[in-house]
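Here's the structure we're looking at; comments come further down.
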Amino acid sequence: MIETRASHRYAKAMLEIARELNILPTVEEDFKTLQYAIENSSELKNLLSRPTIAVEKKAALLQEIFQEKVSEAVLRFLVLLAKKGRSGILYGTTISFHKQLNLERGIATANVVSAIELNDGLKGQIETKLTKMTGQTISAKYRVDKSLIGGFTARIDDLMIDASVRRQLVRLHETLAEEAHLWTPTL
């Protein structure tokens with residue numbers, strides 16, 4: 001359930017359809033609903049990824065599950081994916097949809113990992129610095145990892161920013177080792 005070329009194509013197609021039908025805000029919310037449902041339901045994950053369930057059965061189950069929860073356009077999209085045997089890429093498609101939409105809006109998602117829970121003031125400072133570095137508006141997701149010792153790391157697509165204490169200690173060690181090498185007398 002990761003992003004693939006197919007998930008990018010389906011997401012792009014759904015984005016175009018949403019614009020043509022003038023229902024982009026609705027589809028955006030529906031895709032958030034789908035993403036949340038997949039992330040929080042092991043039964044739904046199993047349904048989407050299990051190849052032994054007939055495509056017609058999957059289509060019917062998805063229609064039953066989401067009939068009252070998403071728009072008619074998104075419901076048709078779900079049924080189409082299932083009937084084409086592509087329900088396994090639904091999660092990746094929801095992620096790709098939001099990435100493409102954010103890219104158009106100049107918004108980048110940053111995954112920030114810190115040693116402790118950050119207050120709103122620190123989060124705002126980090127987002128401001130990341131915005132200045134990337135030239136894009138930052139939408140950040142935060143996670144705590146106590147093994148960091150201190151500081152934070154941030155990943156924005158392929159860009160990795162490591163402002164952790166661990167990284168600073170590694171750099172200090174490298175500098176000291178290099179200086180020690182320079183001072184070693186040669187015989």
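Values in this text are rule-based calculations from the coordinates and carry no lab data. Source: prediction; values computed, not measured. Here the Cβ positions follow ideal geometry from the backbone for every residue, glycine too, while neighbour counts run over all protein chains shown.
Suppose a student asked you for the relative contact order of segment 107-183, using Cα pairs under 8 Å spaced at least 6 residues apart; what percent would you report?
RCO, segment 107-183: 35 percent.
Based on the Cβ-Cβ distance of Leu172 and Leu103, what FRET efficiency does E = 1/(1 + (r/R0)^6) give at R0 = 35 Å, to the nearest 0.05? Working shown, then result.
Details: r = 37 Å, r/R0 = 1.07.
Taking R0 as 35 Å, the efficiency between Leu172 and Leu103 is 0.40.
I need the trypsin sites (Lys or Arg not before Pro) found in segment 42-113, filtered to DSSP loop residues with at most 14 other beta carbons within 10 Å of theirs. Walk me through the numbers before you get to the answer.
Working: sites: Lys45, Lys57, Lys58, Lys69, Arg76, Lys83, Lys84, Arg86, Lys99, Arg105; in loops: Lys69, Lys84, Arg86.
Filter output for segment 42-113: Lys69, Lys84.
With an 8 Å Cα cut-off and a minimum separation of 6 or more residues, compute the relative contact order for segment 5-102 in percent.
Values: 81 pairs, mean separation 43.9, N = 98.
Reported as a whole number, the value is 45 percent.
Where in segment 150-174 does the amide nitrogen come within less than 13 Å of the point 7 Å from the Cα of Lys132, taken along Cα to Cβ?
What the label zone holds, given the 13 Å backbone N cut-off, is no residue at all.
Below 11 angstrom from the Cβ of Lys83, what's the summed charge of the other residues (Lys, Arg +1; Asp, Glu -1)?
+4
Between Lys83 and Ile149, how many nm apart are label points set 7 Å from Cα along the C-beta direction?
The answer from the label model is 5.8 nm.
Restricting to segment 107-183, what percent of DSSP beta bridges are antiparallel, rounded to 5?
Within segment 107-183, antiparallel bridges account for around 55 percent of the total.
Hey, what number do you get for the chain at 222 nm if only DSSP H runs of n ≥ 4 count, each worth -39500 (n - 2.57), divided across all residues, to the nearest 500?
Taken over the chain, the calculation gives -19500 deg cm²/dmol.
Can you compute the charge dipole magnitude of segment 5-102 about its Cα centre, using +1 on each Lys and Arg Cβ and -1 on each Asp and Glu Cβ, nothing else charged? Give it in debye, rounded to the nearest 20.
That gives a dipole near 520 debye.
Residues with beta-carbon under 12 Å from that of Thr109, excluding Thr109: net charge, scoring Lys, Arg +1 and Asp, Glu -1?
Counting the neighbours of Thr109, the net charge comes to +2.
Projecting each Cα onto the charge dipole of segment 5-102 (Lys/Arg +1, Asp/Glu -1 at the beta carbon, about the Cα centre), which of Ser49, Ala73, His98 comes out farthest on the positive side?
The Cα lying farthest towards the positive end belongs to Ser49.
Could you tell me which of rounded, prolate or oblate describes segment 1-46, using a ≥ b ≥ c as the square roots of the eigenvalues of the alpha-carbon gyration tensor, with rounded for a/c under 1.5 and, failing that, prolate when a/b is larger than b/c and oblate otherwise?
oblate
What's the local net charge at Lys146, with K and R +1, D and E -1, over the other residues with C-beta under 14 Å away?
Local charge sum for Lys146: 0.
What's the FRET efficiency of Arg50 with Glu3 using the Cβ-Cβ distance as r and R₀ = 25 Å, to the nearest 0.05?
0.80
In the chain, once you exclude exposed GluC sites (Glu not before Pro) (DSSP loop, at most 11 other Cβ within 10 angstrom), what's the longest stretch remaining?
In the chain, the maximal stretch lacking such sites is 118-187.
Between Lys32 and Ile116, what FRET efficiency comes out of the Förster formula 1/(1 + (r/R0)^6) with R0 = 25 Å and r the beta carbon distance, rounded to 0.05?
Step by step, r from the Cβ atoms, then E = 0.30.
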